[in-house]
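A.B. asks: Take this structure first; my questions come after.
The values are calculated or read from the model by the stated rules, or taken from the named source; none is laboratory data. It should be emphasised that the depicted structure is a prediction, and the values quoted were computed from it without experimental measurement. Here Cβ is always computed from backbone atoms with ideal geometry, including for glycine, and neighbour counts include all displayed protein chains.
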Amino acid sequence: MSDVVLKSLDAGVLRLTLNRPEKKNAITQAMYQALAEAMEEAALDSAVRAVLFLGAGDSFCAGNDIGDFIAIASGGTAPAEMSVFRFLKAMAEFDKPVVAGVRGRAVGIGVTLLLHCDMVVVADDALLSVPFVNLALAPEAASSILLSAVIGHQRAFEMFALGEPITGDHAFAWGLANRAVASADVEAEAQRLAGALASRAPGSLRATKRLMRDAAALWAKMQSEGEAFGAQMLSAEAMEAFTAFAQKRAPDFSRS
Ligand code: COA
């Protein structure tokens with residue numbers, strides 16, 4: 001595994017740390033591939049009893065790497081071939097417990113990933129956003145159904161459509177997280193919860209999770225979202241949004 005995703009197994013807990021702090025842990029296609037392989041291996045490895053997602057540096061994850069979006073939108077890879085889909089499928093099908101510890105910024109997949117975690121610890125001052133419309137894209141990771149199921153349609157729509165962040169305290173109050181703690185305590189609390197889950201009866205935990213989630217339906221939704229996301233990614237309005245990000249200016253959708 002490349003060092004942009006750190007992987008360690010201790011006492012049944014597989015820690016996967018996004019490790020690209022200079023880019024706020026924005027996830028590249030290579031990182032998705034590493035994450036997908038880690039989850040596929042973890043599903044088969046009886047030594048892995050729980051998975052813990054963390055981010056190195058001051059932020060959990062700034063979402064998909066926008067440079068990758070530009071490369072894909074400019075030709076080369078078809079959107080459906082993006083490694084993100086292999087990772088999302090692995091997340092939908094994973095039946096062992098998954099915990100996340102979130103500090104700082106969580107954007108895009110940095111939030112939608114949390115909808116596939118079973119327990120989430122956020123920093124009370126974390127900032128969570130899903131600015132897919134600001135990027136002229138569409139929701140992914142089954143978030144078009146999962147986010148509204150957790151926080152309600154109006155709140156979810158506002159988060160998608162206006163793209164403004166909510167704090168960790170809000171995320172906790174809205175049911176997106178099990179705990180909101182001081183930023184310095186996030187990792188220890190998330191590790192404690194993952195350790196507790198790793199000590200429970202593994203067969204029972206897996207049966208419980210399988211009963212609570214419909215993996216096939218989630219994967220079907222991810223694929224239909226992927227079609228909308230892929231079509232938007234190739235649109236002129238998305239290229240304007242990506243270019244604006246690269247040029248550190250606001251996008252201009254007045255001619256879209
Ligand atoms: N893709 C590529 N690079 C990214 C990135 C992303 N998603 N998010 C951050 N970066 C890069 C920045 O371009 C910057 O690079 P530079 O130092 O070479 O200029 C570096 O990471 C640090 O980010 P910066 O914007 O300076 O930090 P900040 O604390 O001011 O803001 C964010 C942090 C996350 C709010 C801001 O970077 C941001 O909005 N990122 C884009 C989030 C996004 O839209 N993701 C896609 C969702 S689908």
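A.B. asks: What are the pairs, 6+ residues apart or on separate chains, where a residue within the range 234-246 that is closer than 20 Å to MET82 by Cα has its Cβ under 6 Å from a residue that is in a helix (DSSP H, G or I)?
C.D. replies: Correct list of pairs: LEU234/ALA73; ALA238/GLN232; MET239/ALA73; PHE242/ILE66; PHE242/PHE69; PHE242/ILE70.
A.B. asks: Looking for whichever is closer than 22 Å to LEU52 by Cα, among the hydrophobic types (A, V, I, L, M, F, W, C) and under 19 Å from the mean Cα position of the chain (by Cα) here; the options are ALA149, ALA190. Which one fits?
C.D. replies: Details: ALA149 fails: closer than 22 Å to LEU52 by Cα.
From the options ALA149, ALA190, the qualifying one is ALA190.
A.B. asks: Looking at (1) surrounded by 19 or more Cβ atoms within 10 Å (Cβ to Cβ); (2) away from the ligand (no atom under 15 Å from the Cβ); (3) of a type outside the set (Phe, Trp, Tyr); (4) in a helix (DSSP H, G or I), find the lone condition where MET159 falls short.
C.D. replies: Here MET159 clears every test but (2).
A.B. asks: Next up: Might you let me know whether the range 195-218 holds any residue that is of a type in the set (Ser, Thr, Tyr), within 16 Å of the ligand (Cβ to nearest atom) and farther than 25 Å from GLY104 by Cα?
C.D. replies: Of all residues in the range 195-218, those of a type in the set (Ser, Thr, Tyr) come to 199, 204, 208.
From what's left, within 16 Å of the ligand (Cβ to nearest atom): none.
The answer is no; no qualifying residue exists.
A.B. asks: Among residues belonging to the range 8-24 that are under 15 Å from ALA34 (Cα atoms) and under 16 Å from the mean Cα position of the chain (by Cα), point out the one that is farthest from the ligand (Cβ to nearest atom).
C.D. replies: Here is the first cut: in the range 8-24, the residues under 15 Å from ALA34 (Cα atoms) are 8, 14-20.
Within this subset, residues satisfying the condition of being under 16 Å from the mean Cα position of the chain (by Cα) are 15-20.
Working: ARG15: 22, LEU16: 19, THR17: 17, LEU18: 12, ASN19: 14, ARG20: 9 Å.
Here the answer is ARG15.
A.B. asks: Now a separate question. Suppose we filter the range 1-27 for residues that are small (Gly, Ala, Ser), at pLDDT 95 or above and over 11 Å from LEU54 (Cβ atoms); how many remain?
C.D. replies: Kept after step one, since they are small (Gly, Ala, Ser), are these residues of the range 1-27: 2, 8, 11-12, 26.
This time we only want the ones that are at pLDDT 95 or above, so: 8, 11-12, 26.
Going one step further and asking which of them are over 11 Å from LEU54 (Cβ atoms), we end up with 11-12, 26.
Matching residues across the range 1-27 total 3.
A.B. asks: Across the range 162-194, which residue is nearest to the ligand (Cβ to nearest atom) among those that are surrounded by fewer than 16 Cβ atoms within 10 Å (Cβ to Cβ) and more than 24 Å from MET91 (Cα to Cα)?
C.D. replies: Filtering the range 162-194 for residues that are surrounded by fewer than 16 Cβ atoms within 10 Å (Cβ to Cβ) and more than 24 Å from MET91 (Cα to Cα), the one nearest to the ligand (Cβ to nearest atom) comes out as GLU164.
A.B. asks: Another question, then. For the condition more than 16 Å from the ligand (Cβ to nearest atom) and surrounded by 12 or more Cβ atoms within 10 Å (Cβ to Cβ), what is the one hit in GLU237, GLU227?
C.D. replies: Values: GLU237 fails: more than 16 Å from the ligand (Cβ to nearest atom).
None of the others qualify; the one that does is GLU227.
A.B. asks: Shifting gears a bit: In the range 58-81, which residues are surrounded by 14 or more Cβ atoms within 10 Å (Cβ to Cβ) and touching a strand residue (DSSP E or B) at 6+ places or on another chain (Cβ under 9 Å)?
C.D. replies: SER59, PHE60, CYS61, ALA62, GLY63, ASN64, ASP65, ASP68
A.B. asks: Of the conditions (1) out of contact with any Leu (no Cβ under 7 Å at 6 or more places or on another chain); (2) modelled with pLDDT of 95 or more, ALA106 fails just one. Which one is it?
C.D. replies: Failed condition: (1).
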